[in-house]
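The values are calculated or read from the model by the stated rules, or taken from the named source; none is laboratory data. Bear in mind the structure is a predicted one, so any value in this text is a computation, not a measurement. The area values use the complete protein model at the heavy-atom level, side chains included, leaving out ligands, DNA and RNA. Shrake-Rupley method; radii C 1.70, N 1.55, O 1.52, S 1.80 Å.
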Amino acid sequence: MPQITLSTFNFFKSSMPKQNKNHDANHALINSCSNRQESRSIPKTRLISPYLSSRFDINFSGGRKTLSLAEQAERIDLDKLPPAIRRNIEDSVQNKDGKNLYDIHTEHYAPLLDCKTLDEARALYFEFENVIDAKDLDKSDMSPTLLKIKNGQIEGISLENLTLTLLKTHYGKGISPNSRRNFFGLSKDASYKIFEKLQIERLDGQYLRLLGDCSPDKREEASKRWTEEKRNALSKKAAAIWTKEKKAEQSKHRKEWLKQHPEALEEMSRRMTGTKASLETKVKIASGVRRFHNENPEYAQIAKQSWDFHADIKAQMQKTAREEFPYLRTILMKQAIGKPLSDYEARYLDRYYKRCSELCPDGQKIVGATISRAWAEFKKKKNGDNS
């Protein structure tokens, strides 16, 4: 499909994702109340590898050390958390009471697990005040997944007490909607769409990851998995692979081999023909597009007016975005401000355009021709006025 501007999607909200502006404030808070938990003073061999999570220090001579609450709080944007949780974390850090995120979270949301109705949960927790009971949703406001649940097409789940069940799973147990096993086998996109329709605010992803890492079940599982033998083996493997000298040596051998086998280099070049552009090329193209729009501000209005002549195609694209691609808005807004897209975002956008091409096979030619014709007429008139 042709390049689509934000004006095409009138149903998109203009909200932008918030930046973490409170990191410095969080850092100051933690530093002011720290004497952080000290690790044991034994010799350590640390592994720095892109395969390992930064949430943990891997100590190959003595096991894994969980981050203290102060260290965990530094890695979270506290303003993204429910106010009560934020206050409890700040108080616990200041009082040095030895609690971790799991203790704070489970203490606060323990009564939620005993609630029998959604009204009870609303009365107990301010953050649930605006959530919607699934059975009260109008059919026209339901997502495709909610409609399937209403029609009994998904086993083991119904609209009755669906909202309360989601709150208990997400808030009460601290489980992310990404978990198919805990959210009725639904995909991440489907779960997110349900949360949006029911006006359930999702907990911060980094908070949920740290919360899970300090839960007793996760700690027990990690202890069984990280045996001393496995730690030593991984340490040796990392030392052998992740060194600058090893990488430089591999690169040198590769270049020498390609010089001795030019046919292989030609074959590689042939296979690379038609593949996706590099990040530098994408940035260069995005820069050129931004420059064109800055120099020709009238183009966006002309493109918007051209789309008005093809209301059927526009309506089909909007419907496809609403029902099948809930995160298209975020990607388009990121694209609009000139930020390069990640590989996942680029593939997501490609899938959307491919889907639109399937539903409207000639849409690209039709709309593109209308925009080109209108732009040519505008330039002709503008040049005539200037002469």
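Remarks
- For the residue pairs LYS339/LYS365; LYS96/LYS116; LYS188/LYS284; LYS139/LYS319, the C-alpha atoms sit more than 25 angstrom apart in LYS339/LYS365; LYS96/LYS116; LYS188/LYS284.
- Accessible surface of ASP217 - all protein chains present, 1.4 Å probe, nearest 10 Å²: 120
- Rg/Rh for segment 244-387 (Cα atoms only, Rh after Kirkwood) is 1.13.
- ³J(HN,Hα) computed for each position of segment 305-314 - Karplus, 6.51 cos²θ - 1.76 cosθ + 1.60, integer Hz, glycine/proline x: 5, 5, 5, 5, 7, 10, 4, 5, 5, 4
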